[in-house]
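One structure is given below, encoded as structure tokens.
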Amino acid sequence: MFDNLRERILAPIRNLGKGGRITEESLQEAMKEIRRALLEADVHFKVVKEFLDQVQKEAIGQELIKNVNAGQQFVKIVYDALVKFLGGAETVGGLELRAAPPVPILLVGLQGSGKTTTAAKLGLHYKKKEKKQVMLVPCDPRRPAAKDQLRILAKQADLGFFESDLTKPLATIVREAMAEAKKRVVDVVIVDTAGRLSIDDELMNEVAEVRAALDPFATIFVADSMTGQDAVNVAQAFHAKTQLTGVILTKLDGDARGGAALSIKFLTGLPILFMGMGEGISALEPFHPDRLASRILDMGDVLTLVEKAAEAISQEDAMASVGKMSKGQFNLEDFLGQMKMMKKLGSMEGIMKMLPGGNKMMSQLQGVDTEGEMKKTEAIILSMTKKERLNHKILNGNRRLRIAKGSGTQVQDVNRLVSKFEDAQKMMSQFAKMGLFKKMMKGM
């Protein structure tokens, strides 16, 4: 996600001067590279200008925090600006259903944006996270296959489904669906509407007809993030013709640029509510600007990782883990525990990218069997004594040789693991000095 943008932004930051302050000359050079990176990422030019103005205003002449170099401090300045343009630190991800059930939610957007799949993902989110009874309603008379697709997804997610008669007027369909929802004592009704290849009067008239009959609690625009500025333009057009509540960005996991995510809130004023992070039916996450900004700048997203692991670890353990990171006390024993947790959360690549410096570590593993490397790492740590896991500094040559033999690896493998672990520790220490872990603790 945003891999191209990440590298293009971080490269000039790494080269920033290491003097007692960020000089105007070094800043201008970095700003040129970041401007070029944002424009090539399909971020709207108005957003680029405002973003750079804010960064420059914050950066010029700012004194460095003790023990934090210019590059590290500039990362924090860019991070704060990213959070603002993505929606602000106060933005709470998701959509709170503050209405009497059944609560109707209307999904709108262009054809191919992922509305039908998103309807099922959103329904599963409310079922799992908020223990709601959900019913999905197909309302696309032009694409009968969409009804079949939604029925299959509803069965897969164990959600309620309304057998819409698509030969009837759209207003009749949604009224009948709401009446059925009351009979079934459903909490949330999610209506999947028709799309087009582009906005036209017929599409907007259909949306208006459904809105008038449904009186939705929320009308959510579903946008394909990979279409960049086109997604922003369509959202603006929809919002001008029908009052939208917010946006769901789909396919964000495959978006290497990030133009839509960085532009849409600033240009439309609409909050991003959720983001689609994969094809799986559970791959929908509430949108948190601060967490996405952390991912973009390779600071990781430990809080989302902790939330994903809620079924595997207690909140006390999660708090303790983040607390240790914030104090620089994270050891190989803790790392082994997180590795065991990772196995339940998906691929190693997806999880590593949620850890501070994870993208940098993954780039060093290109062409490598990451799952195999994970097993090797686990074997190395398991071959250590508990004393060695708690304090890797005692790992002298003889101990490393014994660990290599015990894990069926080479001494070089042990050395490489220790080196990467120490790099991660240093990065965590830097983030702690900038107060980022305190925000995570507060959020938890």
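Quick rundown of the values:
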| item | result |
| --- | --- |
| Point-to-point label distance, N15-D53, nm (Cα→Cβ direction, 7 Å offset) | 2.7 |
| Extension reserve of the E96-E29 stretch, reckoned as 0.36 nm per residue once the Cα distance is removed | 19.8 nm |
| FRET efficiency, A208 to K46 (Cβ-Cβ, R0 35 Å, nearest 0.05) | 0.75 |
| Cα extents of segment 103-288 along the three principal axes, largest first (Å) | 44, 36, 27 |
| Protection-proxy order for peptides 24-33, 82-91, each taking the mean of Cβ atoms within 10 Å per residue, highest first | 82-91, 24-33 |
| Order of T242, T377 - criterion: other Cβ atoms within 10 Å of each residue's Cβ, fewest first | T242, T377 |
| 27 Å Cα-Cα threshold exceeded, pairs from K155/K375; K386/K426; K183/K265; K182/K251; K84/K128 | K155/K375; K183/K265; K182/K251; K84/K128 |
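Rule-based calculations on the coordinates, nothing more; no lab input. Since we're looking at a predicted model, the values are computed, not measured. Here Cβ is always computed from backbone atoms with ideal geometry, including for glycine, and neighbour counts include all displayed protein chains.
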